[in-house]
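Asker: Structure provided below as structure tokens; questions to follow.
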Amino acid sequence: MRDLLLQCAGVLTIAVALIHGVLGETKVFARARIEPERLRTLIRLVWQASTVAWIGGGVLLIAVPWMDSAPARHWIVATMVGVFGFSAFANAYATRFRHFGWMALSAVVAMAVAGY
């Protein structure tokens, strides 16, 4: 059951990351005015870097059950709980709890902790 929780947390993480990337491109940057253009490109790439990092974290959570190393499991889960916990807090704070992202990321944290 613990392994299944970690894998579900990983799948949810990847889904949240993909939604984050798509909404960033279609909703945020479609309307944002950022000058100079070079700065706009930099901010978009930084936004998408977090998308790619979250996908990587999701893949690690999915792969943890097949690792034969207890320390690897410990450090991967602890690191992802820290990353996604901070992301959930930042999302909730910045949007005053009006965006679903903090709930989805909190669910990832809860599943990862339960699967630890």
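Asker: Select from 90, 14, 32 the residue farthest towards the positive end of the dipole of the range 2-115; place +1 on Cβ of Lys and Arg, -1 on Cβ of Asp and Glu, and compute about the Cα centre.
Answerer: Of 90, 14, 32, it is 32.
Asker: Then there is this: Please identify every one of the trypsin sites (Lys or Arg not before Pro) in the range 21-63 that sits in a loop by DSSP and has no more than 16 other beta carbons within 10 Å of its own beta carbon.
Answerer: 31, 33
Asker: Contact order normalised by length for the range 1-66, with contacts defined as Cα pairs under 8 Å and 6 or more residues apart; what percent is it?
Answerer: Averaging sequence separation for qualifying contacts and normalising by length gives 66 percent for the range 1-66.
Asker: Counting only Cα, what are the radius of gyration and maximum Cα-Cα distance Dmax of the range 1-87, in Å?
Answerer: For the range 1-87, the Cα-based Rg and Dmax read 15.8, 51 Å.
Asker: Going by average Cβ neighbours within 10 Å, how do the peptides 18-25, 92-99 rank, with the highest at the top?
Answerer: Ranking, from highest mean packing down: 18-25, 92-99.
Asker: Then there is this: Treat every Asp and Glu Cβ in the chain as -1 and every Lys and Arg Cβ as +1, leave all other atoms uncharged, and give the resulting dipole magnitude about the Cα centre to the nearest 20 debye.
Answerer: Once rounded to the nearest 20, the dipole reads 460 debye.
Asker: Continuing with the same structure: Which whole-number percent gives the relative contact order of the chain, counting Cα pairs below 8 Å spaced six or more residues apart?
Answerer: It rounds to 42 percent for the chain.
Asker: Using just the helices of the chain, give the 222 nm mean residue ellipticity in deg cm²/dmol: DSSP H runs with n ≥ 4 each add -39,500 (n - 2.57), and the total is spread over all residues, rounded to 500.
Answerer: Only helices count here, giving -27000 deg cm²/dmol.
Asker: Where the centre of each part is set by its Cα atoms, how far does the range 21-75 sit from the range 81-96, in angstrom?
Answerer: Using only Cα atoms, the two centres lie 14 Å from each other.
No lab work stands behind these numbers, since they all come straight from the coordinates. These numbers come from a predicted model, not from an experiment. We place every Cβ from the backbone using ideal geometry, glycine too, and count neighbours over all the protein chains shown.
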